[in-house]
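Peer 1: Okay, here's the structure, questions in a sec.
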Amino acid sequence: MSVSALSGMDAAVPRAPVPETAKPADEKKAGEIKQRFEQMLWAEMLSHAGLEKAFTLGGGEAASAFSRYVVEEIAKDLAEKHPMGLADKVPSARPGGDLMPKENN
């Protein structure tokens, strides 16, 4: 019995098999989603740490208008060069989207 059947999810809905030719594109898309997820995490951490507010000090309306964009770009750079690996822990970010965590052998 699958996990989705136990949790009341849509177990009755059959899923079509993924063609072999679509898998590399799906992997690329999954990688982009993972990177965007980590970028959002970095941006929120940087904002809560006060970086966005620090960019607006003494800069007036112009600084406050663009400070979020600067934080987003810094977060993008951090997500590319220093990934946290948290996207791999999110069930929907893994191929198959299973709800049970993968066991580390």
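The values are calculated or read from the model by the stated rules, or taken from the named source; none is laboratory data. The shown structure was predicted, so the numbers you read here are calculated from the model rather than taken from an experiment. Cβ atoms come from the backbone with ideal geometry, glycine included; neighbour counts cover every protein chain shown.
Peer 1: Looking only at residues in region 1-51 that are more than 30 Å from residue 78 (Cα to Cα) and of a type in the set (D, E, K, R), which one is modelled with the lowest pLDDT?
Peer 2: 10
Peer 1: Provide a single number: the residues in region 53-90 that are part of a loop (DSSP other than H, G, I, E, B) and either of a type outside the set (A, V, I, L, M, F, W, C) or surrounded by fewer than 12 Cβ atoms within 10 Å (Cβ to Cβ) (or both).
Peer 2: Within region 53-90, residues that are part of a loop (DSSP other than H, G, I, E, B) and either of a type outside the set (A, V, I, L, M, F, W, C) or surrounded by fewer than 12 Cβ atoms within 10 Å (Cβ to Cβ) (or both) number 6.
Peer 1: Which of (1) in contact with a Lys or Arg (Cβ under 7 Å, 6 or more places away or on another chain); (2) at pLDDT 65 or above is the odd one out, the single condition residue 93 does not satisfy?
Peer 2: Looking at each condition in turn, residue 93 falls short on (2).
Peer 1: So, in region 24-51, exactly how many residues are assigned to a helix (DSSP H, G or I), loosely packed, with under 12 Cβ neighbours inside 10 Å and either touching a strand residue (DSSP E or B) at 6+ places or on another chain (Cβ under 8 Å) or among the hydrophobic types (A, V, I, L, M, F, W, C) (or both)?
Peer 2: So the answer is 1.
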